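Report on the structure given below.
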Amino acid sequence: MIIVTGATGSLNGATVDHLLKRIPPREIGVSVRDPARATHLADQGVRVRQGSYDDPTALRRSFADADQVLLVSSSDITTDVVAQHHRAIDAAVDAGAQRILYTSAHGTAFDTPYPPLAIHAATEQHLAASGVAWTSLRNGFYGDPAQLLGDWQETGVIAMPADGPFSWVDRQDAAEAAATIITADEPHEGPIDLTLPEPVTLADFAIAVSELTGGRVDRVVVDDEEWVANATTSGVPEAVARFTLSMFQATRSGHFSDSYPTLPRLLGRRPRSITDQLADHIIR
């Protein structure tokens, strides 16, 4: 059985949808904090059990009979995320899982300006020491790409700190790749980087937005401290603004500049481009 955590969330929820296209629902289980939100899966024959990264006993129960467990990375910034991940890994080992998969991030490393990458590195370190076969899905950034662009619709400019090359992957592509990896005849060992074939920059986003809207949108580089000051003036907490700034700092120091052919190979096609993704959110 394949057990998936975070199956009521956007990424692993989509992964379960892709798994259901590949294998019978009786071979899939989900571990979720609120089973009431997973009734649509139970109705399809998926096993639904309650589990939380803060409750090892419930986790072990929800992981029972698992051959493979897919762990989604925690987004709870109010707690010790690394400890949560360690508990989830340990629970999967205790439950007898033969392989643990984890949604990590491209650029994962301890020496990085962007804090989540060190969290992923610590989690991968614990996976490697677990004694169980493991796979780390190092996804490029994903989500609504428009969130990177600021108030360009009012100003006609993407005014952000200096950036560098990075991958922005369609969430559905990442989910489909995960389902492909989980159900592959030959297991994938260790980290797998799932990136665009060619990295992009915010200048590329400006070009894509201009093409989609039929207008001109320019990329303007704003000094780091000026950008933080502008963000806090508009109501963004300074800690949040500096967290976002750290992502830009990591891009321009090359932490996300590598690209790999793995994602297109798994999908059997080119991943959706940033223009494709932006078109989902921008009305001409």
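The values are calculated or read from the model by the stated rules, or taken from the named source; none is laboratory data. It should be emphasised that the depicted structure is a prediction, and the values quoted were computed from it without experimental measurement. For neighbour counting, all protein chains shown are included, and Cβ atoms are generated from backbone atoms with ideal geometry for every residue, glycine included. Accessible surface is based on the protein model in full, side chains and every heavy atom, while ligands, DNA and RNA are left aside. Shrake-Rupley method; radii C 1.70, N 1.55, O 1.52, S 1.80 Å.
Some observations on this one:
- Residue among 186, 176 that alone is open to solvent by 60 Å² or more (accessible area, probe 1.4 Å) and on the phi < 0 side of the Ramachandran plot: 186
- Considering residues of segment 147-163 that are open to solvent by less than 30 Å² (accessible area, probe 1.4 Å) and either among the charged types (D, E, K, R) or not in a strand (DSSP E or B) (or both) only, the residue farthest from residue 230 (Cα to Cα): 156
- Residue satisfying all of: in segment 92-127; assigned to a helix (DSSP H, G or I), within 27 Å of residue 28 (Cα to Cα) and in contact (Cβ under 8 Å) with a residue 40 or more places away in the chain; most open to solvent (accessible area, probe 1.4 Å) among these: 126
- Residue in segment 202-212 that is among the β-branched types (Val, Ile, Thr) and in contact with a strand residue (DSSP E or B) (Cβ under 9 Å, 6 or more places away or on another chain) present: yes
- When segment 262-284 is filtered for residues that are open to solvent by 90 Å² or more (accessible area, probe 1.4 Å) and either modelled with pLDDT of 95 or more or within 20 Å of residue 159 (Cβ to Cβ) (or both), the ones remaining, listed by number, are 265, 269, 270, 281.
- Candidates 168, 152, 227, filtered to the one that is touching a residue at least 12 places away in the same chain (Cβ under 8 Å) and within 20 Å of residue 112 (Cα to Cα): 168
- In segment 74-90, the qualifying residues are those that are of a type outside the set (A, V, I, L, M, F, W, C), assigned to a loop (DSSP other than H, G, I, E, B) and open to solvent by 70 Å² or more (accessible area, probe 1.4 Å), and the one that is modelled with the lowest pLDDT is 78.
- Number of residues in segment 201-224 that are touching a residue at least 24 places away in the same chain (Cβ under 8 Å) and either part of a helix (DSSP H, G or I) or basic (Lys, Arg) (or both) equals 12.
- Scanning segment 22-36 for residues that are under 23 Å from residue 79 (Cα atoms) and among the basic types (Lys, Arg) returns a single hit, 33.
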